[in-house]
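Novice: I'd like to ask some things about the structure below.
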Amino acid sequence: MRVIELSNHPGDMLNVASRQRLAAEKRALDGYEDALIQYSARVQTLRVKRDRARARRRWWTWLRLVLAVSRAKRTMPRQPLQTTGSTDLEEKLRAGIAGEQLVAVELGRALDDDWTLVRGYRNRRGEIDHLLVGPKGLFAIEVKNLNATVHVDGDRWRADKYDNYGNLVEQRPIADRKGRSPSEQLNEAADDLERFLRERGQPVTAQRVVILAHRRSRLGARQNLTVLVGTSTDYVLTLLGDSADRLSDKQQAEIQRLIQQDHDFHHKRRRTGPSPPR
């Protein structure tokens with residue numbers, strides 16, 4: 001299987017999050033060191049004044065300064081807490097990257113060079129983790145690396161997490177920062193890609209698949225599905241075998257070219273600002 005990487009948005013986000021965390025830690029440490037210098041100078045000044053008052057036998061002044069030193073010492077700045085490493089956001093991004101990489105590797109082991117995996121495609125409606133193009137059609141694949149039981153009702157997704165004893169410990173909706181479920185994320189971007197291809201003479205249907213890549217992912221109740229959902233890369237391979245779509249070598253090459261063109265257009269637009277419609 002051939003692989004084309006158009007972008008690495010999760011990796012870029014991880015780098016940004018890591019840099020932000022390190023910068024925040026440095027700011028906190030710099031602030032602590034500045035505060036410590038000011039604290040030390042303040043205490044030392046009071047001590048000098050206290051000792052001078054004692055040497056001159058100015059006992060009331062000396063007592064007042066003794067108390068002032070004691071109060072000042074209680075204002076010693078606290079050293080910033082040592083972080084244990086990555087933030088929750090970084091761990092979440094790493095998990096997502098690992099899930100995407102796992103699916104890519106497993107597809108690569110199973111498919112020959114008749115197939116091309118396009119990674120990191122983005123358009124105006126969002127990103128698609130993987131676009132798989134081959135003789136049996138076009139597949140849009142969203143990967144979620146969730147250690148949970150996932151329930152799906154249409155475009156409402158929920159993750160239930162259980163402890164080792166089978167007790168439910170967490171229940172939360174599955175959504176991105178815009179509040180979109182995995183099916184909404186995938187369908188919005190895939191709809192726009194289909195429109196773009198159709199307007200350029202390639203009326204192909206993108207089969208939409210969400211893969212739950214974590215080894216402990218489970219599928220719970222599901223109804224009114226708007227995308228296909230599976231818990232392994234084998235599920236995608238089964239879909240390939242069952243697909244009735246057929247694409248010639250020429251169609252595949254043109255679809256890949258158009259995917260690259262559309263991605264590049266939106267990538268440039270995000271960097272330089274809005275441009276005239278194509």
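Novice: Could you work out the relative contact order of segment 14-73, using alpha carbon pairs under 8 angstrom and six or more residues apart, expressed as a whole percent?
Specialist: Result for segment 14-73 is 30 percent.
Novice: Among GLU142, GLU199, GLU188, which one moves the most in a GNM of the chain with springs linking Cα atoms closer than 10 Å?
Specialist: GLU199
Novice: Rounded to whole Å and sorted largest first, list the principal axis extents of the Cα atoms in segment 14-73.
Specialist: Taking the Cα atoms of segment 14-73, the three principal extents are 64, 14, 7 Å.
Novice: Counting only other residues whose beta carbon sits under 12 Å from that of ARG119, what net charge do I get with K and R as +1, D and E as -1?
Specialist: Net charge around ARG119: -2.
Novice: Then there's this: Given R₀ = 25 Å, FRET efficiency for ARG71-LEU22 by Cβ-Cβ distance, to 0.05?
Specialist: Efficiency, rounded to the nearest 0.05: 0.10.
Novice: Still on this structure, please answer the following. At a 10 Å Cβ-Cβ cut-off, how would you order ILE259, ILE37, ILE128, fewest neighbours first?
Specialist: Numbers: ILE259 24, ILE37 11, ILE128 28.
Result, fewest neighbours first: ILE37, ILE259, ILE128.
Novice: May I ask you to derive the FRET efficiency for SER232 and ARG78 from their Cβ-Cβ distance with R0 = 35 Å, giving the value to the nearest 0.05?
Specialist: 0.10
Novice: Would you kindly state how much longer the chain becomes between ALA35 and GLU5 on full extension, computed as 0.36 nm times their sequence separation minus their alpha carbon distance, in nm to one decimal?
Specialist: Extending this stretch completely gives an extra 6.0 nm.
Novice: Rounded to the nearest 20 Debye, what is the dipole magnitude of the chain about its Cα centre when Lys and Arg each give +1 and Asp and Glu each give -1 at the C-beta?
Specialist: Around 3300 debye, computed over the chain.
Novice: A further question follows. Tilt of helix 182-199 relative to the longest C-alpha principal axis of the chain, in degrees (0 to 90, nearest 10)?
Specialist: Between helix and principal axis, roughly 50 degrees.
Novice: A follow-up question, please. Could you work out which residue, out of SER181, SER70, SER243, moves most in a Gaussian network model of the chain, that is, has the largest mean-square fluctuation with Cα springs under 10 Å?
Specialist: For the chain, modelled as a Gaussian network with Cα springs under 10 Å, the answer is SER70.
Novice: Assuming 0.36 nm per residue, please report the length gained on full extension of the stretch LEU168 to ARG47 beyond their Cα-Cα distance. Could you put the intermediate results ahead of the total?
Specialist: Details: separation 121, 0.36 × 121 = 43.56 nm, distance 5.92 nm.
Using 0.36 nm per residue and subtracting the Cα-Cα distance, I get 37.6 nm.
Novice: Using the C-alpha gyration tensor of segment 161-278, what are the square roots of 5 times its eigenvalues, in whole angstrom, with the largest one first? Don't skip to the answer; put the middle values down first.
Specialist: Details: eigenvalues 219, 90, 27 Å².
Semi-axes from the Cα gyration tensor: 33, 21, 12 Å.
Novice: Moving on to the next point. Using Cα pairs under 8 angstrom and six or more residues apart, how large is the relative contact order of the chain, in percent?
Specialist: Details: 402 pairs, mean separation 53.3, N = 278.
Relative contact order here is 19 percent.
Novice: Which angle between 0 and 90 degrees, to the nearest 10, do you get for helix 9-55 versus the longest principal axis of the chain when only C-alpha atoms count?
Specialist: Value to nearest ten degrees: 0.
Novice: Another one. Given the DSSP H assignment, sum -39500 (n - 2.57) over each helix run of at least 4 residues in the chain and divide by its residue total; what's the result at 222 nm in deg cm²/dmol, nearest 500?
Specialist: -17500 deg cm²/dmol
Novice: Just to confirm the filter: which trypsin sites (Lys or Arg not before Pro) across segment 1-75 are DSSP coil and have at most 14 other Cβ within 10 angstrom of their Cβ?
Specialist: Sparse-neighbourhood loop trypsin sites (Lys or Arg not before Pro): ARG56, ARG57, ARG58, ARG74.
Novice: Still on this structure, please answer the following. Who wins for biggest fluctuation among ILE141, ILE255, ILE211 in a Gaussian network model of the chain, springs between alpha carbons below 10 Å?
Specialist: Comparing ILE141, ILE255, ILE211 in the GNM, the peak value goes to ILE255.
Novice: Gap in Å between the Cα centre of segment 90-160 and the Cα centre of segment 173-223?
Specialist: 9 Å
Novice: Put +1 on the Cβ of each Lys and Arg and -1 on the Cβ of each Asp and Glu in the chain; which of GLY11, ILE211, MET76 then has its Cα farthest toward the positive end of the dipole?
Specialist: About the Cα centre, the residue reaching furthest to the positive side is MET76.
Novice: Determine the alpha carbon to alpha carbon distance for each of LYS136/LYS250; LYS144/LYS268; LYS26/LYS73 and list only those over 23 Å.
Specialist: Pairs exceeding the cut-off: LYS144/LYS268; LYS26/LYS73.
Novice: Next question. What do you get for the angle between helix 59-73 and the principal long axis of the chain? Use alpha-carbon atoms, 0 to 90 degrees, nearest ten.
Specialist: That works out to roughly 10 degrees.
Novice: Using a Cα-Cα cut-off of under 15 Å, which aspartates and glutamates could be cross-linked to LYS49, ignoring same-chain neighbours fewer than 8 residues away?
Specialist: none
Novice: I need the per residue convex hull volume for the chain, using only the alpha carbons, in cubic angstrom as a whole number.
Specialist: 195 Å³
Novice: Oh, and also: Over the chain, what is the percentage of antiparallel beta bridges among all DSSP beta bridges, to the nearest 5? All intermediate terms of the calculation are to be shown ahead of the outcome.
Specialist: Working: 22 of 40 bridges.
Once the DSSP bridges in the chain are tallied, antiparallel ones form about 55 percent.
Novice: At 0.890 mPa s and 25 °C, plugging the Kirkwood radius over alpha-carbon pairs of segment 82-132 into Stokes-Einstein gives what diffusion coefficient in µm²/s? The partial results should precede the final answer.
Specialist: Details: Rh = 13.0 Å.
Rounded, D is 189 µm²/s.
No value in this document is a laboratory result; all are computed from the given coordinates. Worth saying up front: this structure is predicted, and the values here are computed from it rather than measured. Positions of Cβ are generated from backbone atoms using ideal geometry, with glycine treated the same way; all protein chains shown enter the neighbour counts.
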